[in-house]
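Step one of this worksheet: look at the structure below.
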Amino acid sequence: MNSRFGGRLVGPVAGVVLWWLPLAVAGAEPATANADQGTEPIARDVDFAVDVAPLLSRYGCNSGGCHGKASGQNGFKLSLFGFDTQFDYDALARQARGRRVFPAAPDHSLLLRKATGAVPHGGGARVDPQSEAYQVLHRWIEQGCPPASPTAPRVVAVSVTPRSQVLARDATLQLRVEAVYSDGSRRDVTAHAQYATNLDVVATVDDAGWVEARGQSGEAAVMCRYMGQVAVFRAIVPHGQSLSELPGFERRNWIDELAASRWKQLGLAPSPACDDATFLRRVTIDLCGRLPTVDEARQFLDDPANEKRSRVIDRLLDSPDYPAYFAMRWGTILRNSRLAGADQAAYAFHNWIKDQVARNRPYDEFVRGIVAAAGEWQDAPAINWYWQMRDDQLHQVTSDTAQVFLGVRLQCARCHHHPYERWSQEDYYGLAGFFTRLGRKSFGQPPPYYAAANPTTGETNPLTGKVPEPKFPDGEYARFSPEDDPRHALVDWMAQPDNPYFSRVLVNRLWGHFLGRGLVQEVDDLRETNPASNPELLDALARDFVAHQFDVKHVIRTIVGSGVYQLSSEPNESNLDDRQNFARFYARRLIAEVFHDATDQLCGTRTRFSGVSDSARAVDLPHEGFGSYFLDTFDRPRRVTGCECERSSGATLAQVLLLANSDEIENKIASGEGRVARLVADQRPVAEAVEELYLAAYARRPTDAERQAATAYVQSQDNQRQALEDLLWTLLNSKEFAFNH
Amino acid sequence: MLEICCTGGSVGKSFSRRTLLRVGALGVGGLALPELLRGEARAAAEGTPRPRKSVILVWLAGGPSHIDMYDLKPTAPAEFRGEFQPIATNVPGIQISEHLPLQAAIMDKLAIVRSACHTNAGHGMGSQWMLTGYQPTIEVNDNIYPSLGSVVSRMLGARDAALPAYVNLPRSLDLGKAAYLGASYNPFSPENDPNSDGFQVRNLKLPSRVDLARLQRRRDLLGTLDAIRRDIDLRGDLDGLDTFYRDALRMVTNDRAIQAFDIKQEPDALRDRYGRNDLGQSCLLARRLVEAGVTFVAIQAGGGWDTHGDNFKQLKDNLLPKYDRAVATLVQDLCDRGRQDDVLVMSFGEFGRTPRINPGAGRDHWPGAMSVLYAGGGLRMGQVVGSTNDKGEYPTSRPFSPGCVLSTMYHALGIDHRHVFHDQAHRPLPILNEGRPIEELI
């Protein structure tokens, strides 16, 4: 690729050696310095932090596959992506008894001989001996490897130009990245920054900052990183010409306005609104984790009222199935499990969540009940959250708190600076500092938890060698007296109206639940380098959530009441490729528990799980420990992480064989207490039986053609009951059944 | 992003073949068998299928005792060397345990690496390391990284679309799953012992209430209803499922999977030779499966290798006779059928066992040195690679990491072990992040 960039590289590459002094000291034009000035190429001392450290990133020396990984490479370890200048200095100049550098004869330094491939190097020849970079390293060694000057300006920010651009499908673009230094000066570091795209089917970027659209429409975020600072360029490749209006799109609330302006910009025409049957099935699955009953479907389809969709939303939200389903979803990411061997606590925590959801407890209070849980499990079942993580409590709780409640994947920062973000080890241990005084008694399963006066953990912050001290993410260190429980202060901080994480991750999580994909995807990975597909919409949802005192039902009502949620899943020409902007509903497979219960519901049967009441469905199970081949085959989460991504949507052979060819399902289809048996016993006419089966499976009546074909099939068979079973098998094995669409 | 995580399931040539079949919304649903077969015939006419290798891994869960099997130390002090004597093999200069006589007789078809090692002595983490090549940082009972079989499944697919690419026998390995590659690359397992009389693959046989004619009627009905269904064409979102239904129903309708799994078709004499036990019959079944087109079979070689107590009695009375017979017969059988270069057989566990014998006449966990057995696959056989010190404690030459052990296998299959996947956090993760193929073997 380099030949293509020959011209563009000249300026910045020359700059690495020469621009600094004139700019920093004299403020002169960088262009006046040039490599051609030859014999006296460097008019000032090379600085380790300014000149040398960036080269370690540029040549990939400190990447995760090489010397940046936790174990280093061949005894030589650098900080990952160069976040720790002092560490890297020690590694180069001091460790290995200084044999990596040889000031008396710089060319013989191991650093240069390895980097140029003069001696065998696992990473090959990385640096050309004729290059400016080589001269910088050479000069630094010659100077006696001075450490970074404490007064030399440091990079405090980077910026990218342009920040976003609408690109044609085959367009290319050169980015320009500038570093901003602590003295206010700016440098072009385009050639030295590292680049990565989050969606390479939309746009790729090479290591010189050259962006190419790849033919697929959508929006890609290109991360530009230099010396630990990050800027993001957004490449927008529209689906078509921008639109001035969206004919046929019915706006139901303010969400639709914000979505519509995005679609217009991107040239996306939304699919039409879905029909009533699809809406009822969709909203019942999403709110209650079950299919509509035949009666519900009939009533809804036959209801002439205009406002019936909003009425059914309210009815479902007030039904016991809504808290049952959301208790299961929360229980999964809150790791409510019996892994730690406390069944009774898992039941209690499950019921506690269900009760919180049923009463629509404000979200901040719900979170407080978990994060600041203390007491005996009977009174504070949420201590099971801590107990499940007890083997590695401080770290698991820290990373789960960050991920589940703040949408920040902070766990990388336990060992190294977050590779894409500003989060450092200091931030990680600062958050951990809120959990260091959590004590637990030595009796009970689980034991009582309490806020101790002094640290109860033996873990230390490797940066200080001391017990981690509480520091608000992005903020100040906090001091607490022995009688305080720092965890309450953490929740107070979360619940402040301007907290940028707390409300956004919740509304994004809910959006992902209902729309099949977060505005930010994954739903718990909010960061500048992973931007929302519609930032205005995410902000508005978060603001609205705060303005309504963290009322979760209010957010849900707003989302499912929107026209966006009620679009058809059928794509049109314009939105077929859309995977980010919700211009159609994204169909998705029923998750394990819902699929299981839907199968029972359609067959008219009930599964009895051992150790729980006979009426408990799969969504009612409080933990993962109830044996079920069906649930395991459909990838029921093991509840071992706080991540929504534990569920996989990939189909497996075993799943299909189970549905299409198993005694387990066949026994449900043909059950003597099942739907078909009842239809036959009631001597229902074939047409009615067919209609009921369609309503039970799809919440819709069959079309005329379907009715005719199905009826003809049943009548062609000698054994009516078997024929209806065949029809039921067919519905159960159809995509329309397996998907929420 | 979703798109990155989920794109590019490489199902190899079979995909284009399958896309030729223009089927109804539920795949095979609307398709008569003759049509299926025509599609296959067409695919066959397009070109000869690429010859591809397969792997059979015999997974010795619990940690086999290297010093009692492949790396005996007869001159070590009594508290190390144990009860077993080395015996000569058919390769001059190579000795292995007296309780592996059948393998000793075919040593020219085997290669032993004595100097594999790592640093984690826990079952879970050691297993994860050996089965994925990645050193795990936390102990969990599920895959953080994809197992070798899942990786192979993702990279190569099955050689026959009517068969799964990756099978576990007789049941699923604890850490044999696909992790971030997605559930489609999880192993398919009968969850059933092929040595039992009633052995069958779960849900591969027709349910008792349904005969083939009825299944055919159902599929026709499904095809009819699909064809007239309201236009619920969800295109991109559901393509994968179509493929899957097609594969699964092929397994049911097209006999080949049932045939492949039908171990009873093997002659009794051969079944006896493999050993009438779960390991022996799993090895035989594995051979049938790779012949039929499965790409990777991992066999859970019983439990019991975790010999903390009564190590010698356990090994000589129970574990080694079955293991020796099963593996030696498998290797010989593959040779007899001329398949030795097409099928790589491997055998190892999560670690070796402590050379110093404990007070209970047992040996404990020891990742400092372990032996790995390779056979066939086009690798160079009849040799021992690497050595350990005089007590079998650690390598004295050619130490090999788990990444080396696995990359040798990937090399044999023609898979570039530097190929990069992305996990859910979009981290780029190569198939292996360390290790290179063992030069003596390739």
- Using a ≥ b ≥ c from the Cα gyration tensor of the stretch A:369-452 (square roots of the eigenvalues), is it rounded, prolate or oblate, where a/c under 1.5 gives rounded and otherwise the larger of a/b and b/c decides, a/b for prolate? prolate
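Order A:Glu132, B:Glu191, most accessible first, counting only protein heavy atoms with a 1.4 angstrom probe.
Details: A:Glu132 30, B:Glu191 80 Å².
Result of the area sort, largest leading: B:Glu191, A:Glu132.
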- Query: Rounded, prolate or oblate: which fits the protein assembly as shown, taking a ≥ b ≥ c as square roots of the Cα gyration tensor eigenvalues, rounded meaning a/c under 1.5, else prolate when a/b beats b/c?
  - Reply: oblate
- Message: At R0 = 45 Å, how high is the FRET efficiency between B:Asp142 and A:Lys264 if r is their beta carbon distance? Nearest 0.05 is fine.
- Response: 0.50
- Query: At 10 °C and 1.306 mPa s, what whole-number value in µm²/s does Stokes-Einstein give for the translational diffusion of the stretch A:322-494, with Rh from the Kirkwood sum over Cα pairs?
  - Reply: 97
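May I ask you to compute the full-extension gain from A:Glu528 to A:His121, defined as 0.36 nm times their residue separation minus their alpha-carbon distance, rounded to one decimal in nm? Can you show the working numbers first?
Working: separation 407, 0.36 × 407 = 146.52 nm, distance 3.61 nm.
142.9 nm is the gain from fully extending A:Glu528 to A:His121.
For chain A, what does -39500 (n - 2.57) per DSSP helix run (n ≥ 4), summed and divided by total residues, give at 222 nm, in deg cm²/dmol to the nearest 500? Could you put the intermediate results ahead of the total?
On the way: 28 runs with 279 residues, N = 741.
Computed mean residue ellipticity for chain A: -11000 deg cm²/dmol.
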- Task: For every other residue with a beta carbon closer than 15 angstrom to the beta carbon of A:Val180, add +1 if it is Lys or Arg and -1 if Asp or Glu, then tell me the sum.
- Result: +4
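When Rg is the radius of gyration of the Cα atoms in the stretch B:304-442 and Rh is its Kirkwood radius, what does Rg/Rh come to? Don't skip to the end; give the middle numbers.
On the way: Rg = 17.5 Å, Rh = 17.1 Å.
Taking Rg over the Kirkwood Rh, I get 1.02.
How charged is the neighbourhood of B:Arg380? Take every other residue with its Cβ under 14 Å from the Cβ of B:Arg380, and add Lys/Arg as +1 and Asp/Glu as -1.
Values: positive: B:Lys109; negative: B:Asp108, B:Asp341, B:Glu439, B:Glu440.
So the environment of B:Arg380 carries a net charge of -3.
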- Message: Stokes-Einstein diffusion coefficient for the stretch A:286-353 at 4 °C in a medium of 1.567 mPa s, Rh from the Kirkwood formula over Cα pairs: what value in µm²/s?
- Response: 93
- Take the solvent-accessible surface of the protein heavy atoms, probe 1.4 Å, and return the percent of it on the protein assembly as shown that carbon and sulfur atoms account for. 49
- Message: As I understand it, the dipole of the protein assembly as shown uses +1 on the Cβ of Lys and Arg and -1 on the Cβ of Asp and Glu, about the Cα centre. Which of A:Leu339, A:Ala432, B:Leu330 lies farthest toward its positive end?
- Response: B:Leu330
- Note on the structure: Once the in-chain neighbours fewer than 8 apart are removed, the aspartates and glutamates whose Cα is under 12 Å from B:Lys73 read B:Glu83, B:Asp390, B:Glu393
- Inter-label distance, nm, simple model (7 Å from Cα along the C-beta direction), A:Ser310/A:Gln715: 4.6
- Task: Pop a pseudo-label 7 angstrom from the Cα along the beta-carbon direction at both A:Ser185 and A:Trp254 and give the gap in nm to one decimal.
- Result: 4.7
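Could you give the C-alpha radius of gyration of the stretch A:565-670 expressed as a fraction of 2.2 N^0.38 Å, taking N as the number of residues it contains?
Output field value: 1.28.
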- Counting alpha carbon pairs within less than 8 Å and at least 6 residues apart, what relative contact order, in whole percent, applies to the stretch A:284-418? 18
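In debye to the nearest 20, how big a dipole does the stretch A:322-494 give about its Cα centre with +1 on each Lys and Arg Cβ and -1 on each Asp and Glu Cβ? Let's see the in-between values first.
Numbers: 18 positive and 20 negative charges, 78 e Å.
The dipole of the stretch A:322-494 has a size of about 380 debye.
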- Interchain or sequence-distant (5+) residues whose placed amide H lies within less than 5 Å of the amide H of B:Val91 are B:Met107, B:Asp108
- Select from the stretch A:220-264 those trypsin sites (Lys or Arg not before Pro) which occupy a DSSP coil region and have at most 10 other Cβ atoms within 10 Å, ordered by residue number. none
- Rank these residues by their accessible area, most exposed first, probe 1.4 Å: B:Arg52, B:Arg171, A:Arg154. B:Arg171, A:Arg154, B:Arg52
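Once you have the Cα-Cα distance between A:Thr703 and A:Asp632, take 0.36 nm times their residue separation minus that, and quote the gain in nm to one decimal.
22.0 nm
Ignoring ligands, DNA and RNA and using a 1.4 Å probe, state the total buried accessible area between B and A in Å², rounded to the nearest 100. Before the final figure, lay out the partial values.
On the way: alone 19110 and 31070 Å², together 44320 Å².
Using a 1.4 Å probe, the pair buries roughly 5900 Å².
Note down the magnitude of the dipole of the stretch A:243-349 about its Cα centre, charges +1 on Lys and Arg C-beta and -1 on Asp and Glu C-beta and zero elsewhere, to the nearest 20 debye. Mind showing how you got there, number by number?
Values: 15 positive and 16 negative charges, 91 e Å.
Computed charge dipole of the stretch A:243-349: roughly 440 debye.
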- Message: What number comes out for accessible area per residue over chain A if the probe is 1.4 Å? Units Å², please.
- Response: 38
- Distance in nm between label sites at A:Asp275 and A:Ser242, each 7 Å beyond Cα in the beta-carbon direction? 3.7
- Message: Name the residue from A:Leu80, A:Val237, A:Leu602 whose Cα lies farthest towards the positive end of the charge dipole of chain A, charges +1 on Cβ of Lys and Arg and -1 on Cβ of Asp and Glu.
- Response: A:Leu80
- Quick one: order A:Glu257, A:Glu522 from most to least accessible surface, probe 1.4 Å. A:Glu257, A:Glu522
- Note on the structure: Amide H proximity to A:Arg234 below 5 Å, modelled H, separation 5+ or other chain, gives A:Ser164, A:Gln165, A:Val222
- Item | Qualifying lysines (Cα of each under 27 Å from Cα of A:Lys114; at least 8 residues distant if same chain) | A:Lys69, A:Lys77
- For the stretch B:78-153, what is the charge dipole size about the Cα centre, in debye to the nearest 20, if Lys and Arg each add +1 at the Cβ and Asp and Glu each add -1 at the Cβ? 220
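Which whole-number percent is the relative contact order of chain A (Cα, under 8 Å, 6+ apart)?
Details: 1295 pairs, mean separation 82.9, N = 741.
Worked out over chain A, it gives 11 percent.
For A:Asp391 and A:Trp493 in one chain, what is 0.36 nm times their gap in residues minus the Cα-Cα distance, to one decimal in nm? Don't skip to the answer; put the middle values down first.
Values: separation 102, 0.36 × 102 = 36.72 nm, distance 2.73 nm.
Between A:Asp391 and A:Trp493, full extension yields an extra 34.0 nm.
For Cα pairs less than 8 Å apart in space and 6+ apart in sequence, what is the mean separation divided by the residue count of the stretch A:322-494, i.e. the relative contact order in percent?
19
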- Farthest towards the positive end of the dipole of the protein assembly as shown, among A:Leu175, A:Pro482, B:Pro399 and with Cβ unit charges of +1 on Lys and Arg and -1 on Asp and Glu, lies the Cα of B:Pro399
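What pairs in B:Lys322/B:Lys391; B:Lys109/B:Lys316; A:Lys354/A:Lys553; A:Lys735/B:Lys205; A:Lys735/B:Lys177 have C-alpha atoms more than 21 Å from each other? List each step's numbers first, then the result.
Details: B:Lys322/B:Lys391 27 Å; B:Lys109/B:Lys316 23 Å; A:Lys354/A:Lys553 14 Å; A:Lys735/B:Lys205 23 Å; A:Lys735/B:Lys177 26 Å.
Over 21 Å apart, Cα to Cα: B:Lys322/B:Lys391; B:Lys109/B:Lys316; A:Lys735/B:Lys205; A:Lys735/B:Lys177.
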- Task: With all distinct Cα pairs included, what does the Kirkwood hydrodynamic radius of the stretch A:165-264 come out to in Å, to one decimal, could you say?
- Result: 15.3
- Rg ratio (alpha-carbon, reference 2.2 N^0.38 Å) - the stretch A:457-570: 1.35
- Task: Please say if the stretch A:645-741 is rounded, prolate or oblate, where rounded means a/c under 1.5 for a ≥ b ≥ c the square roots of the C-alpha gyration tensor eigenvalues, and otherwise the choice is prolate for a/b larger than b/c and oblate otherwise?
- Result: prolate
- Query: Each residue of the stretch B:121-130 in order: what ³J(HN,Hα) in whole Hz does its phi give by Karplus 6.51 cos²θ - 1.76 cosθ + 1.60, θ = phi - 60°, with x for Gly and Pro?
  - Reply: 9, x, 4, x, 6, x, 5, 4, 5, 6
- How are the C-alpha pair distances of the stretch A:88-235 spread across 5 Å bins, as whole percents from the shortest bin up? 2, 9, 14, 15, 14, 14, 13, 9, 6, 3, 1, 0
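The values are calculated or read from the model by the stated rules, or taken from the named source; none is laboratory data. Please read all numbers here as calculations on a predicted model, not as lab measurements. Here the Cβ is made from the backbone with ideal geometry for all residues, glycine too, and neighbour counts use every protein chain on show. In case anyone asks, the SASA skips ligands and DNA or RNA and just uses the protein heavy atoms, side chains included. Shrake-Rupley method; radii C 1.70, N 1.55, O 1.52, S 1.80 Å.
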